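Chemist: Could you have a look at this structure, given as structure tokens, before my questions?
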Amino acid sequence: MATKPDLPPLDQRKLSNLTLLWGFVRAYPAQLGAALIALAIAALATLAIPRGLKQVVDNGFAAGSDPAAIAPYFWGLLGVVAVLAVATAFRFYFVSWIGERVVADLRKAVQRHLLTLDPVFFEENRPAEIASRLTSDTAVIEQVVATSASLALRNAAMGLGGILLMFSEAPKLTGLMLLVIPLTMLPIIFLGRRVRNVSRSSQDRIASLGTMAAEVLGAIKIVQAFTQESREAARFGTAVETAFATAKKRILLRAGMTALVIGLIFGAITLVLWQGALDVISGRLSGGTIAAFIFYAVIVAGAFGTLTEVYGDFMRAAGASGRMRELLAARAGIRAPERPTPLPSPARGALALDKVTFHYPSRPEDAALLDFSLDVAAGETVAIVGPSGAGKSTLFQLVQRFYDPEHGQIRLDGVPLTSADPEEIRARIAVVPQESVIFATSALENIRYGRPDASEDEVWAAARAAHADGFLRDLPDGIHSYMGEAGTRLSGGQRQRMAIARAILRDAPILLLDEATSALDSESERLVQAALESLMHGRTTLVIAHRLATVRNADRIIVMDGGRIVAEGTHDRLIAGGGLYAKLARLQFETSRPDEAQVA
Ligand code: ATP
């Protein structure tokens, strides 16, 4: 049964999503300890400054006092400043280091996990969007871990320490302040919630912009061929404007919140100071004490101001790590069983499909394969023909266990695929897809994808067997030439021969071949055909056949329609039978040369 990837519902805005990050931070106790110590020293040094100031004001500025007597206070103050400077540098280094490290680890963990998920996940979640999450969401997280977390800790420490020290200096004034500050928090909390919602939708809009841009730029030739540039520009423009409108809402709210915070907090401080001035006049407080109090009040107010600002950052990071968590929590529907049955060794390459019925999860009403049974003996070549949508590619998907059928069983050398480890199954299969996939690296590395430990000589041998050596030698840097994004520097036929060389190098007992002739002229087709023949030699081959030559050379032809086998036999017998095969053959062969004829 093709199970849906199991995505637990998560509230992405919950701050508890940040615990995901703690799991990564925890791995670096030494750096974390160093950061916390530096942070504590810097906060203490900052809080010590008003104390020094108090001494300086009360003892230093009295007219007629001894200049030598004030020197220790100033030296002390300079010492504190030096400690503050050094501790701040250390804090910055270690905290930023942790931020960068956590994001690097997170990116690696998410990518490693994504690579284990099955195709159903990527049908439901667009790869481009996931890729943009991997970059943009992790950047938001980086900002928080590297900057906002340290700001929050430092300001929380300074805010609390400042309040305690204020208390020790002027309890009455501080009490008064503590009474008004909570009042200022109420509107902040209320507005904070709104900012949070708006920033989430602003982030979503930006993520979809990334996806849209990637999609259109990836298909630039089609866009230009259909002269859709201005329409695409307008479509993107509208999306950008929507993102801007959402961002405007967010910054407007943020601006309002900032005004409110500053107005309320500094207003409250001014009122408190008024009271303080009255106390100084009446002689209840010294000038130095009120100076220290003001300094502390500024520190505390600044600390709370910063805390409200970083609160927004934390919310954004909570959203981002919520999405990361979601990716990490996705479970592949196709997994190795607890104790996988090992496939027999040496491999024979016998395949059996027994009454297999399969529906794609997104198309539960239409069976892609229906009660499908097929036995392929080791070393046999079976050609599969049938109209478009008959289920030919689906058969390949199931044999590679990208999906599990709901009914029936598929066995490889007698072992049901569901009891074996998918990696072991796939190690015994080489695939040549219809669309050759070429990675943006050298030709050598592209062919080596079939077997990464192959030597250069082995790669050349595979290239020769695939009739790819000629053009590879002619490339500017030979086999070391860069292939361009998605192999854009090769022709269709060359790409295909590279894919064949890769499959030859893999040297697997089972071969799944989706022949494609559309991209080939007769010369390349002849070369590809020859390459395929050397590849098929001595292996069990299932080939979605588009060429008459393949059909003729196959041991058996099966004709598929509507997810079932409708006929089976040799070319001549099927033609004589006069069914779907004869019809397909007539349609194709009448218009083509026999050696180019396509039957599927
Ligand atoms: P073609 O010769 O055109 O490649 P095919 O015989 O290989 O066709 P399949 O690709 O196996 O046909 O498709 C069989 C049916 O399953 C079709 O109706 C198709 O629309 C559907 N199908 C294929 N892939 C998916 C998918 N990922 N999700 C949902 N339905 C799919």
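Computed from the coordinates by the stated procedures, all read-outs in this text should not be read as laboratory data. Keep in mind the model is a prediction, meaning the values are calculated, not measured. Every residue, glycine as well, gets a Cβ built from its backbone with ideal geometry; the counts of neighbours run over all protein chains shown.
Chemist: Ranking request for peptides 121-131, 497-507, 42-52: highest mean number of other beta-carbon atoms within 10 Å first, then the rest in descending order.
Modeler: Working: 121-131: 15.8, 497-507: 25.8, 42-52: 20.5.
The most tightly packed comes first, giving 497-507, 42-52, 121-131.
Chemist: What net charge is computed for the residues neighbouring ALA131, neighbours being all others with C-beta under 12 Å from the C-beta of ALA131, Lys and Arg scored +1, Asp and Glu -1?
Modeler: Details: positive: ARG107, ARG126, ARG133; negative: GLU129, ASP137, GLU215.
Around ALA131, the surrounding residues sum to 0.
Chemist: Right, next: Taking H as built 1.01 Å from N, whose amide H comes closer than 5 Å to the amide H of ILE565, not counting residues under 5 places away?
Modeler: Distant-sequence amide H within range of ILE565: SER373.
Chemist: Once you list every other residue whose beta carbon is under 14 Å from the beta carbon of LEU84, what net charge do they have if Lys and Arg are +1 and Asp and Glu are -1?
Modeler: Neighbour charge sum, excluding LEU84 itself: +3.
Chemist: Next question. Answer with one residue from ALA567, GLY478, ALA332: the one whose Cα lies farthest towards the positive end of the charge dipole of the chain, charges on Cβ with Lys, Arg +1 and Asp, Glu -1.
Modeler: So the residue furthest toward the plus end is ALA332.
Chemist: Over segment 10-329, what is the relative contact order in whole percent, taking alpha-carbon pairs under 8 Å and six or more residues apart?
Modeler: Over segment 10-329, the number comes to 37 percent.
Chemist: Taking H placed 1.01 Å from N in the peptide plane, check which residues at least 5 places from LEU285 or on another chain put their amide H under 5 Å from its amide H.
Modeler: Correct list: VAL280.
Chemist: In the chain, how many lysine pairs have Cα atoms under 25 Å apart, counting only pairs 8 or more places apart or on different chains?
Modeler: Value for the chain: 9.
Chemist: Quick one: which of 311-318, 22-29 comes out on top by average Cβ neighbours within 10 Å, and what's the full order, highest first?
Modeler: On the way: 311-318: 20.9, 22-29: 13.8.
Averaged packing, sorted descending, gives the order 311-318, 22-29.
Chemist: Each residue of segment 567-573 in turn: what ³J(HN,Hα) in whole Hz from Karplus with 6.51, -1.76, 1.60 and θ = phi - 60°, glycine and Pro shown as x?
Modeler: 7, 8, x, 8, 3, 5, 5
Chemist: For segment 10-329, give the magnitude of the charge dipole about the Cα centre (Cβ charges: +1 Lys/Arg, -1 Asp/Glu; no others), in debye to the nearest 20.
Modeler: It works out to roughly 400 debye.
Chemist: Follow-up question, since we're still on this one. Once amide H atoms are built 1.01 Å from N in the peptide plane, which residues 5 or more positions from GLY386, or in another chain, come under 5 Å H to H?
Modeler: When sequence neighbours closer than 5 places are left aside, the close amide H contacts are MET560.
Chemist: In percent, what relative contact order does the chain have, based on Cα pairs under 8 Å that are 6 or more apart in sequence? Don't skip to the answer; put the middle values down first.
Modeler: Values: 915 pairs, mean separation 98.1, N = 600.
The value is 16 percent.
Chemist: Could you tally the net charge around GLY379, taking each other residue with its Cβ under 15 Å from the Cβ of GLY379, Lys/Arg +1 and Asp/Glu -1? Walk me through the numbers on the way to the answer.
Modeler: Values: positive: ARG348, ARG428, ARG539, ARG556; negative: ASP375, GLU380, ASP413, ASP507, GLU533, ASP555.
Charge balance in the 15 Å sphere: -2.
Chemist: If you don't mind, there's one more thing I want to ask. May I ask you to evaluate 6.51 cos²θ - 1.76 cosθ + 1.60, the Karplus curve with θ = phi - 60°, for each residue of segment 232-237 and list the ³J(HN,Hα) values in order in whole Hz, giving x for glycine and proline?
Modeler: Here the 3J(HN,Hα) series is 5, 4, 5, 5, 5, x Hz.
Chemist: Arranged by the count of other C-beta atoms within 10 angstrom, fewest first, what order do ILE141, ILE265, ILE222, ILE251 take?
Modeler: Result, fewest neighbours first: ILE222, ILE251, ILE265, ILE141.
Chemist: Give a residue-ordered list of calculated ³J(HN,Hα) values for segment 164-174 (Karplus: 6.51 cos²θ - 1.76 cosθ + 1.60, θ = phi - 60°; whole Hz; x for Gly, Pro).
Modeler: Running phi through 6.51 cos²θ - 1.76 cosθ + 1.60 with θ = phi - 60° gives 4, 5, 4, 4, 5, 7, 9, x, 5, 4, 5 Hz.
Chemist: Based on the Cα coordinates of the chain, what is the per residue volume of their convex hull in Å³?
Modeler: Working: hull volume 129.8 nm³, N = 600.
Output value, Cα hull per residue: 216 Å³.
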